[in-house]
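Remarks on the structure that follows.
Each value in this text was obtained by applying a stated rule to the coordinates, not by laboratory testing. Owing to the predicted nature of the structure, the values given are computational and were not obtained by experimental measurement. Counting neighbours? That spans all protein chains shown, and the Cβs are built from the backbone with ideal geometry, glycine included.
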Amino acid sequence: MRLQGKVALITGGARGIGRAISAAYVAEGAKVAIADRLAHEAAETAAALGPNAMAVTMDVTDLASIAAGVAAVEAAWGGVDILVNNAGIFNMASIDKITLEDYRRQYDVNVGGTIFAIQAVVPSMKRRGGGAIINFSSQAGRRGEPNIAIYCSSKAAVISLTQSFALEFAKDKIRVNAIAPGVVDTPMWDVVDAQFAKYENKALGQKKREVGEAVPLGRMGLPEDIAGPCVFLASDEARYVTAQTLNVDGGNWMS
């Protein structure tokens with residue numbers, strides 16, 4: 001029960017990695033707010049996890065939606081001790097196909113969503129004497145990849161934000177860290193696979209199989225592989241860890 005008595009808010013918590021983290025946090029004793037724009041799926045996930053989970057409808061590109069979601073959690077449970085910025089989107093585009101709309105959308109979700117969710121919860125954390133924030137970058141934030149410039153750069157920005165906010169909030173006993181997953185078998189990767197099929201002229205499922213086989217540990221990650229490190233970073237076991245980005249990728253990237 002490493003998170004006993006803590007209140008966590010997880011963006012993009014309805015499915016995939018977010019759902020696995022939500023389940024792990026409840027199992028460790030936390031009360032968990034599953035924040036997602038997919039209201040029906042968030043409600044289903046919360047119902048499956050029991051009375052220590054609640055669904056919150058939240059669009060991380062909408063400041064009013066973020067504020068309302070955080071206010072709902074504070075009204076129900078008094079505040080927020082842990083924020084997991086898991087919400088994110090992916091889209092491929094070669095330079096000739098990048099659009100202003102796609103650029104803004106990926107940055108609004110992946111970068112802006114991180115910034116403004118943090119902005120919304122920090123006052124609550126300060127009142128409660130500290131907290132833990134876990135942002136989601138990616139192995140794509142560690143390096144460039146062809147036709148994925150916008151996504152890679154947005155995830156690199158998350159690493160930089162993590163470092164800056166960790167220093168800004170250190171005096172308030174708010175730790176800020178990030179996780180950089182590798183290839184993880186979630187519904188999002190089916191979208192990624194379909195886009196690679198288009199850009200690399202591959203059969204559906206081929207890219208997914210190839211990236212799994214290329215991982216040094218021999219397989220794609222599972223959402224549960226990410227949830228464990230996320231529990232650690234939120235717990236007192238990581239009380240002296242801040243400003244770090246932890247690679248959880250089966251050995252794909254070494255730093």
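Using a ≥ b ≥ c from the Cα gyration tensor of region 93-157 (square roots of the eigenvalues), is it rounded, prolate or oblate, where a/c under 1.5 gives rounded and otherwise the larger of a/b and b/c decides, a/b for prolate?
It is oblate, given that a/c is not under 1.5 and a/b is not larger than b/c.
Could you calculate the FRET efficiency of Gln244 with Asp62 from 1/(1 + (r/R0)^6), where r is the beta carbon distance between them and R0 is 51 Å, rounded to 0.05?
Approximately 0.95, to the nearest 0.05.
May I ask you to derive the relative contact order of region 146-214, considering only C-alpha pairs under 8 Å and at least 6 residues apart, and to give it as an integer percent?
Worked out over region 146-214, it gives 19 percent.
Using just the C-alpha positions of region 103-223 as equal point scatterers, what log10 of I(q)/I(0) does the Debye formula give at each q in 0.12, 0.18, 0.20, 0.21 1/Å?
Results for region 103-223 at q = 0.12, 0.18, 0.20, 0.21 Å⁻¹ read -0.54, -0.98, -1.11, -1.18.
Taking the alpha-carbon distance from Lys97 and a cut-off under 16 Å, which lysines remain once sequence neighbours fewer than 8 residues away in the same chain are dropped?
List returned: Lys198.
Counting each DSSP H run of 4 or more residues in the chain as -39500 (n - 2.57), what helix-only mean residue ellipticity at 222 nm follows after dividing by all residues, to the nearest 500 deg cm²/dmol?
-14500 deg cm²/dmol
Just order 92-105, 160-173 by mean Cβ neighbour count inside 10 Å, highest at the front, would you?
Listed from highest to lowest mean packing, they are 160-173, 92-105.
Once phi is turned into ³J(HN,Hα) by the Karplus curve 6.51 cos²θ - 1.76 cosθ + 1.60 with θ = phi - 60°, what whole-Hz value does each residue of region 145-156 show in order, with x for glycine and proline?
Couplings: 9, x, 6, 10, 4, 5, 4, 4, 5, 5, 6, 5 Hz.
Can you tell me the FRET efficiency between Asp172 and Lys97 if r is taken as the Cβ-Cβ distance and R0 is 30 Å, rounded to the nearest 0.05?
With R0 = 30 Å, the Cβ-Cβ based efficiency is 0.10.
Relative to the longest principal axis of the C-alpha atoms of the chain, give the angle of the C-alpha long axis of helix 39-49, reported between 0 and 90° and rounded to the nearest 10°.
60 degrees
Relative to the longest principal axis of the C-alpha atoms of the chain, give the angle of the C-alpha long axis of helix 113-127, reported between 0 and 90° and rounded to the nearest 10°.
Roughly 20 degrees between the two axes.
Taking a spot 7 Å from the Cα of Gln163 along the direction of its beta carbon, which residues of region 88-125 have an amide N less than 16 Å from it?
Taking a point 7 Å out along Cα→Cβ of Gln163, no residue of region 88-125 has its backbone N under 16 Å.
Give me, ordered by chain and number, the residues 5 or more places off Val176 or on other chains with an amide H under 5 Å from its own placed amide H.
When sequence neighbours closer than 5 places are left aside, the close amide H contacts are Ile133, Ala243.
Could you grab the relative contact order for region 112-255? Cα pairs under 8 Å, six or more apart, rounded to a whole percent.
28 percent
Met254 label point, 7 Å along Cα→Cβ, cut-off 14 Å on backbone N: hits in region 203-247?
Counting only backbone N, you get 216-217.
Could you name the lysines in cross-link range of Lys6, using Cα to Cα under 19 Å and dropping any fewer than eight places away on the same chain?
Lys31, Lys126, Lys173
Between Arg143 and Arg105, 0.36 nm times their residue separation minus their Cα-Cα distance comes to what?
So the chain would gain 11.6 nm between Arg143 and Arg105.
Alpha carbon centre of region 1-47 versus region 191-255: separation in Å?
For region 1-47 versus region 191-255, the Cα centre distance is 20 Å.
Quick check: pseudo-label points 7 Å beyond the Cα along Cα→Cβ at Ala75 and Gln195, how many nm apart are they?
It works out to 3.6 nm between the two label points.
Considering Cα pairs under 8 angstrom that are at least six residues apart, work out the relative contact order of the chain and quote it in whole percent.
19 percent
For Ala87, list long-range residues whose amide hydrogen, built 1.01 Å from N in the peptide plane, is under 5 Å from its own amide hydrogen.
It is Thr11, Gly12, by chain and number.
Out of residues 5 or more away from Ala53 or on other chains, whose amide H comes under 5 Å of its own, with H placed 1.01 Å from N in the peptide plane?
Here Val32 satisfy the definition.
Once a ≥ b ≥ c are taken as the square roots of the eigenvalues of the Cα gyration tensor of the chain, is the result rounded (a/c under 1.5), prolate (a/b larger than b/c) or oblate (a/b not larger than b/c)?
It is prolate, given that a/c is not under 1.5 and a/b is the larger ratio.
How do 193-203, 72-82 rank on mean C-beta neighbours within 10 Å, highest first?
Final packing ranking: 72-82, 193-203.
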